[in-house]
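This report concerns only the one structure given below.
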Amino acid sequence: MTLLYQTHSPYARKALVFAHEAGLAGQIAVVHHETSPTLRNDQVFAENPLGKVPVLLRTDAQPIFDSDVICDYLDTLNPGRKLIPEQGEARWQALRVQAVAQGLADAGIAVRWETVRRPEALRYPPLRDGYVEKLVASYDWLERELDVTADLHVGHIALATTLDWLAFRELPSFRDGRPLLSAWFDEFLRRPSMRATPLSGDTHDIAAPESGTTPANT
């Protein structure tokens, strides 16, 4: 399998961390691609009509996208304990945390458009402030609701990779006044799957560097 990836995407990293946790990373070649709504990547569009990563290329089968679907597929190949609970309240709790994590990433990207990515004359501060409010409200919800004693699940992976990306991009911090969330995150950062997939690089909205292949464990 080949994963079309981006070293600074919270969504792509979620899929790769999931692969590590499921014991499948050694079966996946990772190929970095720069993507942006303002800069078309034809190689990615050839596999995903949305032009976004991550995309999982399979031998003799259609490609799979986005990160949620990739994780769902990888869990069917997982030789160990499933990371997406199959039934009961555990399933809905995992998917609920995953949904909040996805929303955090979406809101963080929107804040970046209104602060650094969009030309200054086109930025809309009230929209930025609205997305910041979503970040803060979600941080507070996680401090109250996150079950830090639950077995590892897809929601944890989505949340840890998103929080790390928010810190990487220096977006509003989740740490202030949230000791439980901060302690959980710091512990999760020590997992080998997180250490093997560090964030790096910046978004290219004007010119993309040449894509290259990197090992799954870098």
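So LEU122 ticks every box in (1) closer than 16 Å to SER182 by Cα; (2) surrounded by fewer than 17 Cβ atoms within 10 Å (Cβ to Cβ); (3) not β-branched (Val, Ile, Thr) but one. Which box is left unticked?
Here LEU122 clears every test but (1).
From the residues in region 26-39 that are modelled with pLDDT under 95 and exposed (fewer than 12 other Cβ atoms within 10 Å of the Cβ), which one is nearest to TYR5 (Cα to Cα)?
Across region 26-39, the extreme among qualifying residues is PRO37.
Using the structure shown, decide if LEU83 is in a loop (DSSP other than H, G, I, E, B) and either among the aromatic types (Phe, Trp, Tyr) or touching a His at 6+ places or on another chain (Cβ under 6 Å) (or both).
Yes; evaluated as a whole, the condition is true for this residue.
Of all residues in region 60-99, which are more than 25 Å from MET1 (Cα to Cα), out of contact with any helix residue (DSSP H, G or I) (no Cβ under 8 Å at 6 or more places or on another chain) and polar (S, T, N, Q)?
Correct list: GLN87 only.
What is the number of the single condition among (1) out of contact with any strand residue (DSSP E or B) (no Cβ under 6 Å at 6 or more places or on another chain); (2) in a loop (DSSP other than H, G, I, E, B); (3) buried (at least 16 other Cβ atoms within 10 Å of the Cβ); (4) touching a residue at least 40 places away in the same chain (Cβ under 8 Å) that GLY51 does not meet?
(4)
What's the number of the condition VAL69 fails, among (1) under 19 Å from ASP164 (Cα atoms); (2) within 14 Å of the chain's Cα centre (by Cα); (3) assigned to a helix (DSSP H, G or I)?
(1)
Say whether the condition of being in a helix (DSSP H, G or I) and under 16 Å from the mean Cα position of the chain (by Cα) is met by at least one residue in region 28-37.
no
Listed here are the residues, each with its yes/no results for (1) of a type outside the set (Asp, Glu); (2) surrounded by fewer than 23 Cβ atoms within 10 Å (Cβ to Cβ); (3) more than 24 Å from ARG112 (Cβ to Cβ).
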{"residue": "TYR11", "(1), (2), (3)": "yes, no, no"}
{"residue": "LEU24", "(1), (2), (3)": "yes, yes, yes"}
{"residue": "ASP42", "(1), (2), (3)": "no, yes, yes"}
{"residue": "ASP60", "(1), (2), (3)": "no, yes, yes"}
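Return the pair list, or none, for Cβ contacts closer than 6 Å from residues in region 140-161 that are under 10 Å from LEU181 (Cβ atoms) to residues that are modelled with pLDDT of 95 or more and small (Gly, Ala, Ser), at least 6 apart or on different chains.
Taking only residues 6 or more apart or on different chains, the pairs are LEU159/ALA101.
Cβ contacts < 6 Å: first residue of a type in the set (Lys, Arg), restricted to region 64-87; second residue surrounded by fewer than 12 Cβ atoms within 10 Å (Cβ to Cβ), any location; separation 6+ or different chain. Result?
none
Which is at positive phi, at pLDDT 95 or above and charged (D, E, K, R), of GLU187, GLU170?
GLU170 is the lone residue from the list that is at positive phi, at pLDDT 95 or above and charged (D, E, K, R).
The values are calculated or read from the model by the stated rules, or taken from the named source; none is laboratory data. The structure displayed is predicted, hence computed values, not measured ones. Every residue, glycine among them, receives a Cβ derived from its backbone with ideal geometry; neighbour counts consider all protein chains shown.
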